[in-house]
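Single-structure report; data block below.
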Amino acid sequence: MSWIDVGHINDIPLRGARLVKTPVGCVALFRTSEAEVFAASDTCPHKGGPLSEGIVHGRAVTCPLHNWVFSLETGEAQGADEGQIPTYQVKLEGCRVLLDGTALAARSAA
């Protein structure tokens, strides 16, 4: 795996998100109230809503446009909604957030 340093954990607000521009489009980094970090596509598959502007709760995010809820762990829509958002592996090294560059490269080649 090739890891890309995308910033300090404090660059991502608690229960909030930060955008990272990549070759596959914008990836949102989400930080939970437990200071866990997840990465997923910023675009809701329903109507294209900006998930980085949604509400982070537990290990999920709610789209700000139509209240669809997605798991930050799997990308799967929750409840009666259907669909999935791409997710990306993230790891913390100290306070630095690292994003899986190999997965991003593979996705952009597809």
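Quick look at the numbers
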| item | result |
| --- | --- |
| Linear extension gain, Cys95 paired with His46, 0.36 nm per residue minus alpha-carbon span | 14.3 nm |
| Distance in nm between pseudo-label sites at Glu53 and Glu73 (7 Å out along the Cβ direction from Cα) | 2.9 nm |
| Percent accessible area from carbon and sulfur atoms, segment 1-97, protein chains only, probe 1.4 Å | 47 percent |
| Relative contact order (%) - the chain, alpha-carbon pairs under 8 angstrom, separation at least six | 28 percent |
| For the chain, alpha-carbon Rg relative to the globular expectation (2.2 N^0.38 Å, N residues) | 0.99 |
| With DNA, RNA and ligands ignored, accessible area of Glu36 (1.4 Å probe; Å², nearest 10) | 50 Å² |
| FRET E, pair Cys26, Ala80, Förster distance 35 Å, beta-carbon r, rounded to 0.05 | 0.85 |
| Projected label distance in nm at His8 and Ala35, using a 7 Å step from Cα toward the beta-carbon | 1.4 nm |
| Probe 1.4 Å, protein heavy atoms only - accessible area per residue of the chain in square angstrom | 53 Å² |
| Calculated [θ] (222 nm, deg cm²/dmol) that DSSP helices of n ≥ 4 give over the chain, each run adding -39,500 (n - 2.57) | -2500 deg cm²/dmol |
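The values are calculated or read from the model by the stated rules, or taken from the named source; none is laboratory data. It should be emphasised that the depicted structure is a prediction, and the values quoted were computed from it without experimental measurement. Cβ: placed from backbone, ideal geometry, glycine included. Neighbour counts: every protein chain shown. Only protein heavy atoms, including side chains, enter the accessible area calculation; ligands, DNA and RNA are left aside. Shrake-Rupley method; radii C 1.70, N 1.55, O 1.52, S 1.80 Å.
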